[in-house]
Amino acid sequence: HYVVQIDDNDAIEWQDDGEHIYTTPVLGPGKHTIIINALDKAGNFLTNADDFVIEPLTAPTITDYSKELTNKDPFVVKGTSYPNSQVVVWLQREATEPQSYIVKTDETGKFTFVADEKLRDGIYQLWAEVIDERGARSEATEKFKVLVQPTKLWQIGNLTIGILSVVIPLIALLALLVFTIWFSYHRLRMLRSRVRL
């Protein structure tokens with residue numbers, strides 16, 4: 001029998017069924033090392049190792065996405081990839097953990113992702129990768145920027161509150177100043193009238 005280890009994964013025991021073909025589990029793209037120990041019934045063994053490279057699938061193409069939207073709009077991503085595959089859409093809001101969403105491509109390779117929930121205000125990064133029916137993966141696409149803002153009504157309300165929070169204290173200070181001047185002037189007149197008497 002054989003003991004097979006790939007990279008730092010656990011070694012597994014493999015029995016040759018006569019075809020002399022070992023099929024690895026699904027591996028990510030990149031360089032890998034396989035170490036094989038052949039053991040006979042007498043306990044003798046022979047070890048061999050080799051490097052091999054898994055070429056990645058071609059990354060999906062994002063053809064359209066919501067670049068700027070409000071926190072009330074649906075977030076939509078459209079693109080193309082391999083037919084009948086899974087596209088993993090990644091969204092990351094600023095410094096938070098990225099969230100993944102899986103959408104299937106149709107028989108022509110097209111896919112459309114619509115987020116179930118509305119996105120919160122902020123700047124997001126969007127990227128995607130594909131997994132085919134064998135489990136082979138692609139590298140990620142480039143990262144795209146998405147801006148989510150409050151609705152215009154909310155922005156106007158916030159602007160109005162901001163302006164009023166400055167204007168109202170100014171009016172109150174101005175009224176206090178006018179009252180102080182008037183009160184001081186009135187007291188001064190009374191003092192002068194008493195001095196004349």
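The table below lists the values:
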item: Debye-sum result for region 4-85 in log10 I(q)/I(0), which assumes one identical scatterer on each alpha carbon, at q = 0.26 Å⁻¹; result: -1.31
item: At 1.306 mPa s and 10 °C, Stokes diffusion of region 86-186 via Kirkwood alpha-carbon radius, µm² per second; result: 87 µm²/s
item: Highest-fluctuation residue, ILE62, ILE34, ILE54 considered, GNM on the chain with Cα pairs under 10 Å; result: ILE34
item: Gaussian network model of the chain, springs between alpha carbon atoms under 10 Å - residue of ASP64, ASP132, ASP40 with greatest fluctuation; result: ASP40
item: Along each principal axis, Cα extent of the chain, largest first, Å; result: 132, 44, 22
item: Computed E for THR160/TRP182 - FRET, C-beta separation, R0 25 angstrom, nearest 0.05; result: 0.20
item: Portion, in percent, of the accessible area of the chain that falls on carbon or sulfur, probe 1.4 Å; result: 58 percent
item: Among GLN92, GLN125, GLN15, residue whose mean-square fluctuation peaks in a GNM of the chain (springs only between Cα atoms under 10 Å); result: GLN15
item: Solvent-accessible area per residue, Å², over region 1-51 with all protein chains present [probe radius 1.4 Å]; result: 77 Å²
item: Net dipole in debye of the chain [+1 Lys, Arg Cβ; -1 Asp, Glu Cβ; about Cα centre; nearest 20]; result: 3520 debye
item: Distant alpha-carbon pairs in region 45-99 (separation over 13 angstrom), percent; result: 76 percent
item: Amide hydrogen neighbours beyond the local backbone of ALA59, cut-off 5 Å, H modeled; result: GLU139
item: Which listed pairs, of LYS31/LYS67; LYS78/LYS118; LYS31/LYS118, have C-alpha distances above 29 Å, in listed order; result: LYS31/LYS67; LYS31/LYS118
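The values are calculated or read from the model by the stated rules, or taken from the named source; none is laboratory data. What you are looking at is a predicted structure, and each value in this text was computed from that prediction instead of being measured. Cβ coordinates were reconstructed from backbone atoms using ideal geometry, including for glycine residues, and neighbour counts include every protein chain displayed. Surface accessibility is based on the protein's heavy atoms, side chains included, excluding ligands, DNA and RNA. Shrake-Rupley method; radii C 1.70, N 1.55, O 1.52, S 1.80 Å.
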